[in-house]
Amino acid sequence: MKERTLSIIKPDGVSRNLIGAVVKRLEEAGLNIMAMKMIRMTKEQAKGFYKVHEGKPFYESVTDFMSSGPCVVMALEGEDVIKRYRKLMGATNYKEAEEGTIRRDFATDIEKNVVHGSDSEENARSEINYFFNALEIAK
Ligand code: CMP
């Protein structure tokens, strides 16, 4: 089934000049980029984005990190793209990520794990809407 997902290249990925490396992997895997921009979230905007994690021990820290510098946000589209992109990213904890995944190859920490991807269709929809309006998404 054709679906969409939200991808974020996090501040560690942007500051370490990994935008091109991540985009190359998405393109090589045949995931279509339908929208893309660089943003800098405020702490409040990062807290809004990670609201599902409110109350967890890493909530303050991850929202500090995500507002510490620019991110690249993308809407990706393709058959089964949520699962395919999560496979490309690898596990949240890079030490558990499979070889050849983005996080295994580039992450330095469970928090500084280079990329984010939506985990369900419902979250993908709300995460894409958090960053993009209809005019910004190629049809
Ligand atoms: P992400 O997939 O963007 O979702 C939540 C983020 O919180 C996660 O990637 C990590 O960057 C960060 N994080 C930090 N510690 C943890 C943890 N123990 N478990 C899950 N996520 C964590």
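The values are calculated or read from the model by the stated rules, or taken from the named source; none is laboratory data. Since we're looking at a predicted model, the values are computed, not measured. Here the Cβ is made from the backbone with ideal geometry for all residues, glycine too, and neighbour counts use every protein chain on show. Quick note on the areas: whole protein, heavy atoms, side chains included, nothing else; ligands and nucleic acids left out. Shrake-Rupley method; radii C 1.70, N 1.55, O 1.52, S 1.80 Å.
Before moving on, here are some points about what is shown:
- Number of residues in the range 120-132 that are open to solvent by 80 Å² or more (accessible area, probe 1.4 Å), under 21 Å from Lys37 (Cα atoms) and either out of contact with any helix residue (DSSP H, G or I) (no Cβ under 8 Å at 6 or more places or on another chain) or assigned to a loop (DSSP other than H, G, I, E, B) (or both) equals 2.
- Qualifying residue in the range 1-9 (condition: open to solvent by less than 60 Å² (accessible area, probe 1.4 Å), farther than 15 Å from Thr63 by Cβ, away from the ligand (no atom under 16 Å from the Cβ) and basic (Lys, Arg)): no
- With respect to being open to solvent by 40 Å² or more (accessible area, probe 1.4 Å), touching a residue at least 40 places away in the same chain (Cβ under 8 Å) and farther than 17 Å from Ile110 by Cα, Glu79 fits the description.
- Residue check, Arg86 within 12 Å of the ligand (Cβ to nearest atom), open to solvent by 90 Å² or more (accessible area, probe 1.4 Å) and either of a type in the set (D, E, K, R) or touching a strand residue (DSSP E or B) at 6+ places or on another chain (Cβ under 7 Å) (or both): yes
- In the range 50-76, residue nearest to the ligand (Cβ to nearest atom) [restricted to those that are open to solvent by 20 Å² or more (accessible area, probe 1.4 Å) and either within 12 Å of Ile8 (Cβ to Cβ) or among the aliphatic types (A, V, I, L, M) (or both)]: Val52
- Selection count where residues are in contact with a Ser or Thr (Cβ under 9 Å, 6 or more places away or on another chain) and either more than 12 Å from the ligand (Cβ to nearest atom) or β-branched (Val, Ile, Thr) (or both), scope the range 89-114: 2
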